[in-house]
1. Counting only residues 5 or more places away or on other chains, whose amide H sits under 5 Å from the amide H of Asn61 once H atoms are built in the peptide plane?
2. Most mobile of Ile291, Ile240, Ile220 per a Gaussian network model of the chain (Cα springs, under 10 Å)?
3. Using a Cα distance threshold of under 22 Å, what count of lysine pairs results for the chain when pairs must be 8 or more residues apart or interchain?
4. Quick one: order Thr186, Thr292, Thr255 by neighbouring beta-carbon count within 10 Å, fewest to most.
5. Which percent, to the nearest 5, of DSSP beta bridges fully inside the chain are antiparallel?
6. Write down the Å³ per residue value for the convex hull defined by the alpha carbon atoms of region 170-304.
7. Compute for region 134-201: radius of gyration divided by Kirkwood radius, i.e. Rg/Rh, restricted to C-alpha atoms, rounded to two decimals.
8. Under the √(5λ) rule applied to the eigenvalues of the Cα gyration tensor, what semi-axes describe the equivalent ellipsoid of region 1-104? Give them in Å, descending.
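Each reported figure results from applying straightforward, stated rules to the coordinates on display, with no laboratory input. As the structure is a computational prediction, the values presented were derived from the model and not from experiment. Note that we place each Cβ from the backbone using ideal geometry, even for glycine, and neighbour counts take in every protein chain shown.
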Amino acid sequence: MTAIDALEPLIEWHDRLSEAFGFEFLAVRDDLLPFPLAGNKVRKLQAELQTACEGDLLLSNGGVDSNHCRTLAFFGARLGLRVHLVLHSEGDPSGFNLSLLTRLGASFEIVPSHGIRAALDAAEAEYASGGFNVRRISGGCHTPAGAVAYRDAGRRAIELSRPDVIVVASGTGATQGGLVAAAEGTGAEVIGISVARAEAPGRNAVAEAAVWAGCEAREINFVDQFRDGGYALHGRTTEIAVAKGWAFGFPLDPTYTGKAFAALCDRRFRAEHLAGKRVLFWHTGGLMNAITAPKPRPGLRKGW
Ligand SMILES: *Cc1c(COP(=O)(O)O)cnc(C)c1O
């Protein structure tokens, strides 16, 4: 049972950004996958839900403004399946995502972080006793099917655009792991820019996801220097990168894509990794976070 079929990577060539950066800049626009405020969770969940059946209840968890949870609610509505979400209360809930979840027919509960597992267990037991076949999907859709989806999309994008380097925002690591598998043997290098994790644990998570996608990667490029405060936080470096993208008509958010783009805006990083290369920026979505995160201070456009 599928909601949407082919998810051909949409690739853009950007002349003005190429000129500004001094390398060839291309982008895969996964923010434009077929849901409003889409992103990489569409590819992951589309793969994960290939085997969903009537009578399934989709159970998962995330933050109140989680891209994964909103996307799961979209799929549930498309497929006609019940969705229940256990949301944790950290962050700055705008209420906007929650109103979308409600419109999409998902039910949710908001618990403190330490109560997530117990709430998932309780919901699973309750829905199972109500006759549902409960499918529990790990947070962020960090699953083998998600990594395989990115391997397949990555292979297609590499075939279409022949990049030297792929740069992607990296969180749980399934997206990067899939892309690493896609790049194997092609000569393309994949650089993950961490949005949260430190280098060592982040690299291990990406390596694990690459294995899920069938690749025993020897070397994982996982850069933690652009975390800029940590997950869901950001500072001036990210704000400047986000402002720069928007000024070129390339929308970014401060939680994910803005951090990856900050690497491209960093002169030293550019000189070391990107100069003279064809760089494919994998836009993973996240524009919800551009709406809900605090606005950049005025005057930043001049700063880059
Ligand atoms: C979830 C997410 C990521 C991170 O993807 P992983 O596969 O967890 O590494 C990156 N960007 C956006 C916008 C996301 O929502």
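1. Hits under the 5 Å cutoff: Val86, Gly139, Gly140.
2. Among Ile291, Ile240, Ile220, the largest mean-square fluctuation in the Gaussian network model of the chain belongs to Ile291.
3. 9
4. Values: Thr186 14, Thr292 20, Thr255 27.
Final ranking by Cβ density, sparse to dense: Thr186, Thr292, Thr255.
5. On the way: 4 of 39 bridges.
Antiparallel: roughly 10 percent of the beta bridges in the chain.
6. For region 170-304, the hull spanned by Cα atoms encloses 109 Å³ per residue.
7. Details: Rg = 12.6 Å, Rh = 12.5 Å.
Rounded to two decimals, Rg/Rh equals 1.01.
8. Numbers: eigenvalues 179, 72, 19 Å².
Taking √(5λ) for each Cα gyration eigenvalue gives 30, 19, 10 Å.
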